[in-house]
């Protein structure tokens, strides 16, 4: 993969970006109606002795459950409120893992507690063997904070699914694993994998159209922590990760705060993007000091976006993220096109 260049804070900005168009209405109703994501347990009524598959996080769970289509017992290990970086295995989850025929994890340090487990299949590491290396430029303010908060990913970006093409590669790896586990279902599993690749390819094209509605130069993507490197590289965005999403304001040293505030005031960043509700205290403090408001809809960074009734699907999550960014920067989001993608994803079976 191509290495992302260092972060820059002195690029001229466009001061005339319109105010945020609130992300609400018909698209988000469709997210709930057509894009509901995975639950936290295996489907009911599974035949006795059926192979058990454990998918570590919401992204893997949505892909795995859709590929299996009820023919395998798929359970989701992490619950929607769990932070994968800080996740610790409970005794009941240890039994769940021990009894599984297949354990799927992301890899690249997303869930450190699961990576040492014998037999765990690191899906992202197989899907993206040459991942994006995280090498920020010297002196970048986001580096001047305490990595003890749990978001120090090491050398590589674990959030590979924010690039739809890499999400499709993850589906291929999972489909291969499920096909080995259930050979009679292999043909149907591979068919679903191809359908996923087709829809994720459509999403990639749709994303590019949405970003093209933005006036240039584009502002930096100012978010809590560095979770969108793959998205930024794919669509030519500039990241500005401010502070880890789980940090308190004390975790960013005074010099780091000063640099962040100066960078925001010097540019034309129209919105800060939180990754949780309510936003992290550090991000709220940065918003207060810089005068840059926080977008009302958070970006889903480490997993699936949440709706009123639970996690959304991967497709609905990625569509919502794109609309949140584009509308936050004054662009136009094709909600009808987004709904079409979400509905097509929901029909994969």
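The numbers here are math on the coordinates, done by the rules we state, and not lab data. In this text the structure is predicted, and so the values were computed from the model without any measurement. Neighbour counts run over all protein chains shown; Cβ positions are idealised from the backbone, glycine included.
Using 0.36 nm times the number of residues separating residue 198 and residue 113, minus their current alpha carbon distance, what extension gain do you get? Working shown, then result.
Values: separation 85, 0.36 × 85 = 30.60 nm, distance 3.32 nm.
The span from residue 198 to residue 113 would gain 27.3 nm if fully extended.
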So residue 255 and residue 89, fully extended at 0.36 nm per residue minus their Cα-Cα distance, gain in nm 56.1 nm
Could I have the simple spin-label model distance between residue 133 and residue 187, label points 7 Å from Cα toward Cβ, reported in nm to one decimal? 4.5 nm
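Sorted by mean Cβ packing within 10 Å, highest first, what order do the peptides 54-67, 324-337, 307-320 take? Let's see the in-between values first.
Working: 54-67: 27.6, 324-337: 20.4, 307-320: 24.1.
Result, highest mean Cβ count within 10 Å first: 54-67, 307-320, 324-337.
Two-decimal Rg/Rh of the stretch 73-131 from alpha-carbon positions, Kirkwood Rh? Write down the numbers at each step before the final one.
Details: Rg = 11.5 Å, Rh = 12.2 Å.
Value, to two decimals: 0.95.
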How many nm separate the modelled label positions at residue 180 and residue 309, each set 7 Å beyond the Cα in the direction of the Cβ? 3.7 nm
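How high is the relative contact order of the stretch 242-331? Use alpha-carbon pairs under 8 Å, at least six apart in sequence, and give a whole percent. Walk me through the numbers on the way to the answer.
Numbers: 96 pairs, mean separation 24.6, N = 90.
Relative contact order, the stretch 242-331: 27 percent.
Decide, for the stretch 265-335, between rounded, prolate and oblate: order the square roots of the alpha carbon gyration tensor eigenvalues as a ≥ b ≥ c, take rounded if a/c falls under 1.5, and otherwise choose prolate if a/b is larger than b/c, else oblate. Working shown, then result.
Working: a/c = 2.92, a/b = 1.45, b/c = 2.02.
Taking the square roots of the gyration eigenvalues as a ≥ b ≥ c, the stretch 265-335 is oblate.
Which order do peptides 232-239, 287-294 fall in by mean Cβ count within 10 Å, highest first? Each step should come with its number before you reach the end.
Numbers: 232-239: 18.5, 287-294: 16.0.
In descending order of packing, they fall as 232-239, 287-294.
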